[in-house]
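The values are calculated or read from the model by the stated rules, or taken from the named source; none is laboratory data. Quantities reported herein were computed from a predicted structural model and do not represent experimental measurements. As a convention, Cβ positions derive from the backbone with ideal geometry for all residues, glycine included, and neighbour counts pool all protein chains shown. SASA here: full protein model, heavy atoms, side chains in, ligands and nucleic acids out. Shrake-Rupley method; radii C 1.70, N 1.55, O 1.52, S 1.80 Å.
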Amino acid sequence: MIGRGIFCGLARLVQSNRRNAAVRQTVAWCYRGGSISAEPRINDRIRVPEVRLVGPSGEQVGIVPLAKALELAQEYDLDLVEVAANARPPVCKLMDYGKFKYESAMKAREARKNQAHTVIKEMKLRPKIDPHDYDTKKGHVVRFLKQGDKVKITIMFRGREQSRPELGFRLLQRLASDVEDLGFIESSPKQDGRNMIMVLGPHKKKTEAMAEAREAQAARKADAKANPGRSQNSAEGEEPAEAPAEAPAEANAEA
């Protein structure tokens, strides 16, 4: 009797371990995406006795049996889509599911395209910068601000220049004054070790700058399409300039 009881206890323990292993395997399989889907259930995959039905135009049909809802979907040549599975009863709508998925993907793509990413550009200058180099650096800052990006201006001091931080401060104030129509001082000049840093923010938002850039590109494409021969005419107008080069050859032939 004791041996039989021990045997039955071991059998139950083995069976329990097998069951737990099967449960763990099933959970792991589901976690990897085996049976969990982010897409809603449609048509025959809906497993409830009744649903709250919404018509193709958004009208409320009411609570109807699932068979009736599927019959209406077949009558309208549409899909029965479960849009609120946690409701009691679940809410289903009659729609063209393929068209709905396509439009949703296009909206998501458009949203990603219009999404503005904050970018901080950096421009480095020296306290005793040459006027020509200053104009070049300022041109880059102007371009960045027009694109709707922030600009971090860094003045780098070397050697004895570190004892005269007012040179870098005046240079930063000058640059901020030159581009005040496009940007503003977001972070005032401050000393950071051997460098002095200032951050300029654009008056124009990134989304506005992107919209203007797209409009300008569309305008250029429309202009090129409306005047396809402009580039050819300009190229033809440059050809007579090669004529004088042939004159010496003709003169030598006459001689």
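How would you rank 74-82, 134-142, highest first, on the average number of other Cβ atoms within 10 Å across their residues?
Values: 74-82: 16.3, 134-142: 14.6.
Sorting 74-82, 134-142 by mean packing, highest first, produces 74-82, 134-142.
Cα-Cα over 21 Å: which of LYS68/LYS99; LYS146/LYS205; LYS113/LYS146; LYS152/LYS190; LYS204/LYS225; LYS138/LYS204? Working shown, then result.
Values: LYS68/LYS99 23 Å; LYS146/LYS205 9 Å; LYS113/LYS146 19 Å; LYS152/LYS190 12 Å; LYS204/LYS225 30 Å; LYS138/LYS204 18 Å.
In this structure, LYS68/LYS99; LYS204/LYS225 lie more than 21 Å apart at Cα.
Ordering VAL61, VAL151 by how much accessible area each has at a 1.4 Å probe, largest first, what is the list? Can you show the working numbers first?
Working: VAL61 75, VAL151 0 Å².
These residues rank, largest area first, as VAL61, VAL151.
Give me the number: length gained by fully extending LYS138 to ARG109, i.e. 0.36 nm times residue separation minus the C-alpha to C-alpha distance, one decimal in nm.
Working: separation 29, 0.36 × 29 = 10.44 nm, distance 3.55 nm.
Value of the extension gain: 6.9 nm.
Grab the other residues whose beta carbon is less than 12 angstrom from that of ALA211, score K and R as +1, D and E as -1, and report the net. Mind dumping the intermediate values first?
Numbers: positive: LYS113, LYS204, LYS205, LYS206, ARG214; negative: GLU208, GLU212, GLU215.
Cβ neighbours under 12 Å give a net charge of +2.
Would you mind computing Rg(Cα) / (2.2 N^0.38 Å) for the range 128-175, counting N as its residues? Walk me through the numbers before you get to the answer.
Numbers: Rg = 12.1 Å, N = 48, 2.2 N^0.38 = 9.6 Å.
Relative to the 2.2 N^0.38 Å estimate, the range 128-175 comes out at 1.26.
Stick to Cα atoms and the Kirkwood definition of Rh, then tell me Rg/Rh for the range 45-197. Write down the numbers at each step before the final one.
On the way: Rg = 30.9 Å, Rh = 20.9 Å.
Rg/Rh for the range 45-197 comes to 1.48.
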